[in-house]
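The values are calculated or read from the model by the stated rules, or taken from the named source; none is laboratory data. Because the structure is a prediction, the values reported are computed rather than measured. Heads up, the Cβs are rebuilt from the backbone with ideal geometry, glycines too, and the neighbour counts pull from every protein chain shown. Protein only, heavy atoms only, side chains kept; ligands, DNA and RNA dropped before computing areas. Shrake-Rupley method; radii C 1.70, N 1.55, O 1.52, S 1.80 Å.
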Amino acid sequence: MSVPKYSTACCFFSSQFTCLFVFFIIVAGTTTPCLAKIITNNTTRRHRQVSVDYYARTCPNVEQLVGSVTNQQFKESPVSGPATINLFFHDCFVEGCDGSILIASKQGSKELAEKDAEVTRELRVEGFETVMKAKEAVERKCPGVVSCADILAIAARDYVHLVGGPYYQVKKGRWDGRISMASRVEPNIPHANYTVDQLIKLFNSKGLTIQDMVALSGAHSIGFAHCKHFVKRLYNYKGNGQPDPNVDPKLLNALRMYCPNYGGNLDIVAPFDATTPFVFDQAYYGNLQKKMGLLASDQALVLDPRTKPLVQEFANDKNKFFQAFAAAMDRLSLVGVKRGKKHGEKRRDCSMHA
């Protein structure tokens, strides 16, 4: 897989590692910490109305239409993969998997849309572009039939597979949500410094298991985070004026080169997975065992007895990780599903209410 032309790669050291690559990319906006969400009890009945073959009669080629766009986008801009997967996670975190993250704020409105929340503004534009282009392709063949929410779910699956991850069936039949509020984003997005207790509480409150949480964290096999999300680990962890002792010393030195304590370039990012940042694999979990997790919330997974066994299992067996990830993505994709005109709409332009 080619590295995007705006990136630079440096092999900072080789020791017990084959070769640790740390990529630093200067771009305007990129991926942010992404974990995953959630199944709520009050949507269980609606789930019965979504299915893999939901569009069998009304738009039988929907997956091929979306696939033609994701394949082309991936060739032209590989970063579209992590961008779209992260976009899907953020959509499902807030108001459920209903495409509400795609709505643009209304000019003059007192309440901004999800898209303009501070956290969401860090998402790369390639994710939004993928959905927009896929929606246009689908509308030409099946006007007014397929929701933006379904297109985003399909595109995220496509990219997981294109970057080397598992292929899984996507249930369809979601309607697009009518509510998109920036104020609801921050409380529903896991933070980079969350403890395992905080993560478990959040995921359990939404209906996901500890295994789902650890498996979905494996999405950090690809993607990047801005320095601001981990810089305290490098210099002043927990306010003690010292770095996090659970950061590999060589990784610490490499990260410090590009992320100074003060006055650094706000656009600089580093990969979640320092060894294979453009390939979806189980290396992320192996990195955690070597103290090479980028975020505190990542590294914490190997330090807690409730999550450490799963980290070890996934690190040692890619097939088990892929199976667990695909199952967790299926459950994630059913979070807050909207059905019918009472709860949703079918948008022809994903950025505007119908």
Answer yes or no: is there a residue in the stretch 249-270 that is under 24 Å from residue 212 (Cα atoms) and in the same structural domain as residue 235 (by the TED database). no
Every residue from the stretch 142-184 that is touching a Pro at 6+ places or on another chain (Cβ under 8 Å) and either within 19 Å of residue 49 (Cβ to Cβ) or not in a helix (DSSP H, G or I) (or both): 163
Report the residue count in the stretch 109-125 for those that are assigned to a loop (DSSP other than H, G, I, E, B) and in contact (Cβ under 8 Å) with a residue 24 or more places away in the chain. 8
Residue 171 versus (1) modelled with pLDDT of 95 or more; (2) open to solvent by less than 50 Å² (accessible area, probe 1.4 Å): which is the lone unmet condition? (2)
Only helices (runs of 4 or more DSSP H) wholly contained in the stretch 230-298 count here; list those with 2 or more residues that are farther than 21 Å from residue 196 by Cα. 249-258
Can you name the residue in the stretch 295-314 that is within 19 Å of the chain's Cα centre (by Cα) and open to solvent by 10 Å² or more (accessible area, probe 1.4 Å) and, of all such residues, is nearest to residue 122 (Cα to Cα)? 296
